[in-house]
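Right, one structure below, let's go through it.
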Amino acid sequence: MQDIIILGIESSCDDTSAAVIHNGCLLSNVTASQQVHEDYGGVVPELASRAHQQNILPTVSEAVKKAGIELEDVSAVACTLGPGLMGSLLVGVSFAKGLCVSLSRPLVSVNHLQGHVLAHFIQQKGKEHEVPEFPFLCLLVSGGNSQIVLVKSYNDMEIVGKTIDDAAGETIDKCSKFMGLGYPGGPIIDKLARLGNPNAFIFSKPHIKGYDYSFSGLKTSFLYKLREAVSEDPDFIEKNKEDLAASLERTVVEVLMDKLVKAVKKTGIRCVAVAGGVSANTALRNAFVSRCDSGFWKAFIPPFSYTTDNAAMIAMAGYYKYLNKDFCSLDTPAFSRVKV
C-alpha cells in the first residue's frame, strides 16, 4: 500500500493549527491559540491575521517534528479554504500554496464545516474507535454556524437545516457578554450552568418551519430580561448568574434538539452525530447520550480536542479527497462565507 501523508493547515478564525495524517491515522495535531482577543470580548480580525502570521511557521514545524517525518515525505497539503475570516484564511492558504510549490505537491482544499463533520473519522494508533455509518445526520453547531447535515459519504453532504440569523454558539457568546462574563462565553456559561436551575427563567423560542434554526429572538429575549431585572435590582445578574446560564443553555439545547429529532423521524436515519465547538457543551452532550440510552438513535460524540477548530479534521478530510484525486488549483481563492 502506498504511504499517503497529508499535512493539514487550519486558520479560519483565531486558532493556528497544523496536523499530519498517515494512511488515515493521526500522527500529530498542534494548535496555537490567540489570547489577544480576550480584552475585546470577541475575535478582532486584524489582530487574528497578524497572530496567524507569527504562529503559522512554528506550528507547522512542530507538527512535522512530532509526526516524525520530513516535509519531503508529505504527499499533499490540505488547508481550510473557507468559510472563515478572510484575513486569517489567507495566511493559512498562502502558506499552504507556497509549500505545495516548493515541494511540488498537490493542494487539497477543505471546507471548514465539512472538516468538523469528518472529525468523527480521525483515528489514532492504539485508540481506534467506531465511526458513523453512511448515511448519517450530523448536528453541526459552532460560533458561526448551526446546521443539520445529511452525510451520504465523505464527499457528499447535504444541508437540510441551517440558521437563518444567529448561530447557537454566537448567541451563547453574546449572552455571556451581556452578563459581563467574558470571552469566549461557551465554556463560562457551561461551567455556571452546572450550578444553576435550568427552569428558573423562560426565554423566547423561535417558531420556524422545517429544519431551519433561528436564535436572534432568544438573544433579544435574554437581553430584555436582563435590562428589566437590572433596572429593579442592580445586582440581579450577580445573584442569578448560575440560573441565567442554566436557563439559557437549556433553551438553546431544546431548540437544537427539537429540529434534529424531527429530521431523524422524517428521514428514518438513526445514526446521528454532533460536531463543532458547541458540541463540547455538557447539556448538549447529555441530551445526545440520553436519546442514545433510550434507543432513539445511535449517537457519535467527538472527543473534546476535536470539537474546536483543529487541523486534524482538515487533514482527515484532505486524506479522503486525496484518495479521490480531488486536488485544488493553486489559483483557487479562499472564501469567507458558507458555500452550499
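The values are calculated or read from the model by the stated rules, or taken from the named source; none is laboratory data. Just so you know, these numbers come straight off a predicted model, no measurement behind them. Note that we place each Cβ from the backbone using ideal geometry, even for glycine, and neighbour counts take in every protein chain shown. Areas reflect the complete protein model, heavy atoms only, side chains present, ligands, DNA and RNA absent. Shrake-Rupley method; radii C 1.70, N 1.55, O 1.52, S 1.80 Å.
If you go through the range 316-334 and keep only what is hydrophobic (A, V, I, L, M, F, W, C), outside any loop (DSSP other than H, G, I, E, B) and either farther than 14 Å from Ala96 by Cβ or under 22 Å from the mean Cα position of the chain (by Cα) (or both), you end up with Met316, Ala317, Leu323. If you check Gly42, Gly24 for being open to solvent by less than 30 Å² (accessible area, probe 1.4 Å), modelled with pLDDT under 90 and touching a Phe, Trp or Tyr at 6+ places or on another chain (Cβ under 7 Å), only one passes: Gly42.
Checking the condition over 19 Å from Gly115 (Cα atoms), touching a strand residue (DSSP E or B) at 6+ places or on another chain (Cβ under 9 Å) and hydroxyl-bearing (Ser, Thr, Tyr), which residue from Ser12, Ser61, Ser17, Ser88 passes? Reasoning before the result, please.
Working: Ser12 fails: over 19 Å from Gly115 (Cα atoms); Ser17 fails: over 19 Å from Gly115 (Cα atoms); Ser88 fails: over 19 Å from Gly115 (Cα atoms).
Within the list Ser12, Ser61, Ser17, Ser88, the selection yields Ser61.
Scanning the range 214-222 turns up one or more residues that are open to solvent by less than 40 Å² (accessible area, probe 1.4 Å), outside any helix (DSSP H, G or I), modelled with pLDDT of 95 or more and out of contact with any helix residue (DSSP H, G or I) (no Cβ under 6 Å at 6 or more places or on another chain). The listed residues are Lys127, Lys152, Lys162, and the only one of them that is free of Cβ contacts under 8 Å to residues at least 12 places away in the same chain and charged (D, E, K, R) turns out to be Lys127. With respect to the conditions (1) touching a residue at least 24 places away in the same chain (Cβ under 8 Å); (2) open to solvent by 30 Å² or more (accessible area, probe 1.4 Å), Ser247 falls short on a single one, namely (2). Within the range 170-197, can you find the residues that are in contact with an Asp or Glu (Cβ under 8 Å, 6 or more places away or on another chain), open to solvent by 50 Å² or more (accessible area, probe 1.4 Å) and at pLDDT 95 or above? If the condition is that a residue be in contact with an Asp or Glu (Cβ under 8 Å, 6 or more places away or on another chain), open to solvent by 50 Å² or more (accessible area, probe 1.4 Å) and at pLDDT 95 or above, then Leu195, Asn197 are the ones that fit.
One line per residue, one yes/no per condition, for (1) over 18 Å from the mean Cα position of the chain (by Cα); (2) open to solvent by less than 40 Å² (accessible area, probe 1.4 Å); (3) of a type in the set (D, E, K, R):
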| position | (1), (2), (3) |
| --- | --- |
| Leu103 | yes, yes, no |
| Gln114 | no, no, no |
| Ser142 | no, yes, no |
| Tyr154 | no, no, no |
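If I filter the range 278-292 for residues that are of a type in the set (Gly, Ala, Ser) and free of Cβ contacts under 8 Å to residues at least 60 places away in the same chain, do I get at least one hit? Within the range 278-292, one or more residues are of a type in the set (Gly, Ala, Ser) and free of Cβ contacts under 8 Å to residues at least 60 places away in the same chain.
Answer yes or no: is there a residue in the range 292-306 that is among the hydroxyl-bearing types (Ser, Thr, Tyr), surrounded by 16 or more Cβ atoms within 10 Å (Cβ to Cβ) and out of contact with any Pro (no Cβ under 6 Å at 6 or more places or on another chain). Before the answer, list the steps.
Taking the range 292-306 first, the residues among the hydroxyl-bearing types (Ser, Thr, Tyr) are 294, 305-306.
Of the ones still in play, those that are also surrounded by 16 or more Cβ atoms within 10 Å (Cβ to Cβ) are 306.
Now narrow it down to the ones that are out of contact with any Pro (no Cβ under 6 Å at 6 or more places or on another chain): 306.
Yes, the range 292-306 has at least one match.
Of all the numbered requirements in (1) modelled with pLDDT under 95; (2) not in a helix (DSSP H, G or I), Arg105 misses one, and that requirement is (1). When Arg285 is tested against the conditions (1) touching a strand residue (DSSP E or B) at 6+ places or on another chain (Cβ under 7 Å); (2) crowded, with 17+ Cβ neighbours inside 10 Å; (3) among the basic types (Lys, Arg), the lone failure is (1). Looking at the structure I just gave you, is Asp235 surrounded by fewer than 20 Cβ atoms within 10 Å (Cβ to Cβ) and either out of contact with any Gly (no Cβ under 6 Å at 6 or more places or on another chain) or hydroxyl-bearing (Ser, Thr, Tyr) (or both)? For Asp235, the condition - surrounded by fewer than 20 Cβ atoms within 10 Å (Cβ to Cβ) and either out of contact with any Gly (no Cβ under 6 Å at 6 or more places or on another chain) or hydroxyl-bearing (Ser, Thr, Tyr) (or both) - is met.
Would you mention how many residues in the range 256-282 are of a type in the set (S, T, N, Q) and open to solvent by less than 30 Å² (accessible area, probe 1.4 Å)?
Looking only at the range 256-282, we keep the residues that are of a type in the set (S, T, N, Q), and these are 267, 279, 281-282.
This time we only want the ones that are open to solvent by less than 30 Å² (accessible area, probe 1.4 Å), so: 279, 281.
Qualifying residue count for the region: 2.
Kindly check whether there is at least one residue in the range 302-311 that is among the polar types (S, T, N, Q), assigned to a loop (DSSP other than H, G, I, E, B) and over 14 Å from the mean Cα position of the chain (by Cα). No - not one qualifying residue is present in the range 302-311.
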